[in-house]
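Student: Would you mind keeping the following structure in view while I ask a few things?
The values are calculated or read from the model by the stated rules, or taken from the named source; none is laboratory data. The model shown is predicted, which means the values in this text are computed figures rather than measured ones. Virtual Cβ from ideal backbone geometry, glycine too; neighbours counted across all protein chains shown.
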Amino acid sequence: MTIRLYVLISLLLVVVGYTIGRYTTPEKVVTKTVIDTHTVTVVQHDIQTVTVTKPDGTSTTTVADHSVDTTKSQTDEHESKVVENQKPQWKVSAQFAPKVPQYEYFYGAQVERRILGPVFVGAFGNIDHTVGLSVGLEF
């Protein structure tokens, strides 16, 4: 193998490595902080009824309310990080190619679908009945 082939393979590996690195980085990181406040009210009922009967047969009743209302507030704070890494899955392209000496124009279209990481596979066709398949790399 010649030195040119080694250089070409090395450049291709560098480009593929760079595109895979760019693909794996997240688009944006969203940090969400949720604050939950819980209020708990506790009521302890303590009602005392005292009945006193005297020797002459009369009785007196005394009611004492010692109920306690307790309110507690508890605040919990949760922080979560969401990493969004959604990449577009489809690409649609329009093609235009002028032929200068004849003043003719060719039009076409291409559709590509992401199959693995930054690699796209697609199909194209143009007005002069040329169709084909394409492989693309996003970087």
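Student: Of the residues that make up the range 103-112, is at least one exposed (fewer than 10 other Cβ atoms within 10 Å of the Cβ) and in contact with a Phe, Trp or Tyr (Cβ under 8 Å, 6 or more places away or on another chain)?
Tutor: No, because not a single residue in the range 103-112 is exposed (fewer than 10 other Cβ atoms within 10 Å of the Cβ) and in contact with a Phe, Trp or Tyr (Cβ under 8 Å, 6 or more places away or on another chain).
Student: Something else: Given the condition at pLDDT below 80, on the phi > 0 side of the Ramachandran plot and not assigned by TED's automatic domain parsing to the domain that holds PRO118, answer yes or no: does some residue in the range 48-61 qualify?
Tutor: Yes, the range 48-61 contains a residue that is at pLDDT below 80, on the phi > 0 side of the Ramachandran plot and not assigned by TED's automatic domain parsing to the domain that holds PRO118.
Student: Let me ask you something else. Yes or no: the range 67-86 includes at least one residue that is within 30 Å of GLY132 (Cβ to Cβ) and modelled with pLDDT under 80.
Tutor: yes
Student: Answer yes if at least one residue in the range 28-36 is more than 60 Å from the chain's Cα centre (by Cα), of a type outside the set (Lys, Arg) and assigned to a strand (DSSP E or B), and no otherwise.
Tutor: no
Student: Test THR51 against the criterion of being loosely packed, with under 10 Cβ neighbours inside 10 Å and more than 48 Å from the chain's Cα centre (by Cα), and give yes or no.
Tutor: For THR51, the condition - loosely packed, with under 10 Cβ neighbours inside 10 Å and more than 48 Å from the chain's Cα centre (by Cα) - is met.
Student: Would you mind finding the one in ASP76, ASP128 that is of a type outside the set (A, V, I, L, M, F, W, C), assigned to a loop (DSSP other than H, G, I, E, B) and exposed (fewer than 13 other Cβ atoms within 10 Å of the Cβ)?
Tutor: Sole residue among the options that is of a type outside the set (A, V, I, L, M, F, W, C), assigned to a loop (DSSP other than H, G, I, E, B) and exposed (fewer than 13 other Cβ atoms within 10 Å of the Cβ): ASP128.
Student: To continue, here is another question. Please name all residue pairs, on different chains or six or more residues apart, with Cβ atoms under 8 Å, provided the first residue is in the range 3-15 and is part of a helix (DSSP H, G or I) and the second residue is surrounded by 10 or more Cβ atoms within 10 Å (Cβ to Cβ).
Tutor: Close Cβ pairs (under 8 Å, with a partner that is surrounded by 10 or more Cβ atoms within 10 Å (Cβ to Cβ)) amount to VAL15/LEU137; VAL15/PHE139.
Student: Right, next: Is there a residue being touching a strand residue (DSSP E or B) at 6+ places or on another chain (Cβ under 7 Å) and touching a residue at least 24 places away in the same chain (Cβ under 8 Å) anywhere in the range 51-68?
Tutor: Yes: one or more hits.
Student: If you don't mind, there's one more thing I want to ask. What are the residues in the range 81-120 that are part of a strand (DSSP E or B) and hydroxyl-bearing (Ser, Thr, Tyr), if any?
Tutor: SER93, TYR105, TYR107
Student: Against the definition (farther than 27 Å from THR25 by Cα, out of contact with any helix residue (DSSP H, G or I) (no Cβ under 8 Å at 6 or more places or on another chain), surrounded by fewer than 10 Cβ atoms within 10 Å (Cβ to Cβ) and aliphatic (A, V, I, L, M)), how does VAL92 come out, yes or no?
Tutor: no
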